[in-house]
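Asks: Here it is, the structure, as structure tokens.
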Amino acid sequence: MSAGANVKVSANSSTYQQALKAARDSTKELASQFSLASTQAKLFGSTTDQLKAKQQELTAKIKAQKEITSLHHTEVERLTKVLSDQKGQQELAAQLQTTKAAYEAEKKATGENSDSTQELAKQVKDLESQQKKLDGQIGSTEGKLQKATIAENNSQKATLELEKALEDTNKKLKDAALDEFAKGLDKVTDKLEK
């Protein structure tokens, strides 16, 4: 992998981290805003007002959580491609084996101290260094991919939990509206009976 590719990977990773931080900060800000709205509804509003505030909060959180999930998914796709590209560099391993075989043959033919054998030894050492570096990069990418996949799964789980909470809140809101309507009918009925 070239130095340019390493810079690109770092830049993409940095962008991912920055976007993820911004999304998390946005989620925290939303939670703070809706906490205030919820408290105001509890202190000064009806049950319906409280449920509407909760509904708005959950809807906003779901949207933010879906953005976070999308960021994780994009990162998983990017890392999968990087890993595929890294593992696709099998020509390096083949070149290393070919050069080692050439070194052994040259060593038998001309001796260990000949210039050609020394040059091949240098090439083998260089290729081994490159292969070790590539193996390290592959290991690092696999670790990052695993973490990003877990983060994506956890984010999807959080989205599902928020969607279920919104569904429950919508049901409660509907029930509260029916209860308020029934109470209103009871008041009208009481007035009519008097």
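Asks: What is the Cα centroid distance between the stretch 14-52 and the stretch 85-129, reported in whole angstrom?
Replies: Their Cα centres are 61 Å away from one another.
Asks: Let me ask you something else. Could you do me a favour and compute the accessible area per residue for the stretch 46-194, 1.4 Å probe, result in Å²? Each step should come with its number before you reach the end.
Replies: On the way: 9980 Å² over 149 residues.
Heavy-atom accessible area per residue stands at 67 Å².
Asks: Can you compute the equivalent ellipsoid semi-axes for the stretch 41-168, i.e. the square root of 5 times each eigenvalue of the Cα gyration tensor, sorted largest first and rounded to whole Å?
Replies: On the way: eigenvalues 766, 20, 12 Å².
Taking √(5λ) for each Cα gyration eigenvalue gives 62, 10, 8 Å.
Asks: Please work out how much length the chain gains when fully extended from GLU112 to SER70, using 0.36 nm per residue of separation minus the C-alpha to C-alpha distance, in nm with one decimal.
Replies: Details: separation 42, 0.36 × 42 = 15.12 nm, distance 5.74 nm.
Difference between extended and current length: 9.4 nm.
Asks: Below 8 Å, C-alpha to C-alpha, sequence gap of six or more: please give me the relative contact order for the chain in percent. Don't skip to the end; give the middle numbers.
Replies: Numbers: 115 pairs, mean separation 57.6, N = 194.
Taking the mean separation of contacting Cα pairs over the length of the chain, I get 30 percent.
Asks: Also, quick follow-up: Might you work out the accessible area of PHE34 for me, using a 1.4 Å probe with all protein chains in place, and round it to the nearest 10 Å²?
Replies: Using a 1.4 Å probe on the heavy atoms, I get roughly 30 Å².
Asks: Using the crude model of +1 on Lys and Arg Cβ and -1 on Asp and Glu Cβ, and no other charge, please compute the dipole size for the chain relative to its Cα centre, in debye to 20. Provide the component values of the computation, followed by the final result.
Replies: Numbers: 31 positive and 29 negative charges, 113 e Å.
In total the dipole reaches around 540 debye.
Asks: So, one more: Could you give the length gained on full extension between LYS87 and GLN146, defined as 0.36 nm per residue of separation minus the Cα-Cα distance, in nm?
Replies: Details: separation 59, 0.36 × 59 = 21.24 nm, distance 1.61 nm.
Net length gain for the segment: 19.6 nm.
Asks: A follow-up question, please. Just grab the label-to-label distance for ASP25 and ASN170, each label 7 Å out from Cα along the Cβ direction, in nm (one decimal).
Replies: Reported label-point gap for ASP25 and ASN170 is 3.3 nm.
Asks: Where does the charge balance sit around THR110 when Lys and Arg score +1, Asp and Glu -1, over other residues with C-beta under 12 Å from its C-beta? Write down the numbers at each step before the final one.
Replies: Values: positive: LYS107, LYS108; negative: GLU104, GLU106, GLU112, ASP115, GLU119.
Charge balance near THR110 sits at -3.
The values are calculated or read from the model by the stated rules, or taken from the named source; none is laboratory data. Because the structure is predicted, anything quoted here is derived from the model rather than measured. We place every Cβ from the backbone using ideal geometry, glycine too, and count neighbours over all the protein chains shown. To get the accessible areas, we keep the full protein, side chains included, count just its heavy atoms, and leave off ligands, DNA and RNA. Shrake-Rupley method; radii C 1.70, N 1.55, O 1.52, S 1.80 Å.
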